[in-house]
Amino acid sequence: MKFVNAIITLSLFFSSQLSANDAALYDPKPNKDSSFVRLVNTANTKQTLQINGKKTRSTDAYSVSPYIALDAGSYQISIGVTEKEITIPSNHKYTLFIQDNQIRFVEQAKNTSKKSARIAFLNLSEQPLSLTTQNNKSVFEQLGKYQAIERDVNPMKLNFVVKNDNQAIVADVNGVSMKRGFSSDIITFNTALGTKALTSNSEW
């Protein structure tokens with residue numbers, strides 16, 4: 001009986017240790033005034049975002065992490081060896097990325113509309129970019145570097161293209177499904193092989 005109790009005690013100990021370690025990788029539950037941060041990894045290797053020394057899950061090369069809920073306040077942000085302190089107000093979204101060995105970010109207001117869909121365009125590249133539908137209807141024109149823009153739309157599914165200031169197509173974005181109450185983000189950035197576009201959907 002003592003042997004069985006010892007096994008149970010050890011099992012509970014290791015379970016609690018695993019839970020504690022897992023907790024270090026997860027964000028708290030959002031409240032109505034929460035803000036959100038995420039990482040866009042523009043590098044060709046994995047990156048890990050740390051917030052006040054707390055690690056989040058690694059983000060694969062050329063991909064975007066899920067949002068992490070934060071209360072308003074100042075936070076020490078680390079991506080690899082690069083650090084930056086950011087003061088975050090309530091009800092905002094921050095998209096973090098590395099450019100020229102610096103942590104940069106694009107700030108947006110949180111999506112509060114549940115009646116319509118939202119399309120957002122984030123330009124993390126070094127050049128102005130435009131977004132059009134595949135049949136050449138303008139959505140956003142000449143968005144400057146490190147900026148974001150959004151608009152509410154009817155729910156639908158569309159194909160888009162990203163164009164540079166010479167109106168040349170630099171990226172295709174196919175099958176973007178815009179759903180009521182959600183923000184569908186098209187995120188562009190530079191790579192060694194040219195401009196890349198990612199999509200991300202969230203209720204925030």
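The values are calculated or read from the model by the stated rules, or taken from the named source; none is laboratory data. Model, not experiment: these values are computed from the prediction. Methodologically, a virtual Cβ is constructed for each residue, glycine included, from the backbone with ideal geometry; neighbour enumeration extends over all protein chains shown. When the accessible area is computed, the model is the full protein with side chains, heavy atoms only, and any ligands, DNA or RNA have been set aside. Shrake-Rupley method; radii C 1.70, N 1.55, O 1.52, S 1.80 Å.
Observations on the structure shown:
- Hits in the stretch 48-102 - residues which are part of a strand (DSSP E or B) and small (Gly, Ala, Ser): 63, 69, 73, 74, 78
- Screening residue 56 with (1) at pLDDT 95 or above; (2) crowded, with 16+ Cβ neighbours inside 10 Å; (3) over 21 Å from residue 190 (Cβ atoms); (4) in contact with a Ser or Thr (Cβ under 9 Å, 6 or more places away or on another chain) gives one miss only, at (1).
Quick grid of which residues meet (1) charged (D, E, K, R); (2) farther than 19 Å from residue 93 by Cβ; (3) part of a loop (DSSP other than H, G, I, E, B):
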residue: 149; (1), (2), (3): no, no, no
residue: 157; (1), (2), (3): yes, yes, no
residue: 161; (1), (2), (3): no, yes, no
residue: 181; (1), (2), (3): no, no, yes
residue: 195; (1), (2), (3): no, yes, no
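- Residue identified as under 13 Å from residue 189 (Cβ atoms), touching a strand residue (DSSP E or B) at 6+ places or on another chain (Cβ under 8 Å) and loosely packed, with under 12 Cβ neighbours inside 10 Å among 101, 44: 44
- Candidates 172, 165 - the one that is out of contact with any His (no Cβ under 7 Å at 6 or more places or on another chain), open to solvent by 20 Å² or more (accessible area, probe 1.4 Å), at pLDDT below 95 and among the acidic types (Asp, Glu): 165
- Any hit, the stretch 171-186, residues being closer than 23 Å to residue 42 by Cβ and of a type in the set (Phe, Trp, Tyr): no
- Residues located in the stretch 106-131, provided they are open to solvent by less than 10 Å² (accessible area, probe 1.4 Å) and either part of a strand (DSSP E or B) or of a type in the set (Val, Ile, Thr) (or both): 106, 108, 117, 119, 120, 121, 122, 123, 129, 130, 131
- Set 137, 179, 145: member being touching a Pro at 6+ places or on another chain (Cβ under 8 Å), open to solvent by 50 Å² or more (accessible area, probe 1.4 Å) and free of Cβ contacts under 8 Å to residues at least 60 places away in the same chain: 145
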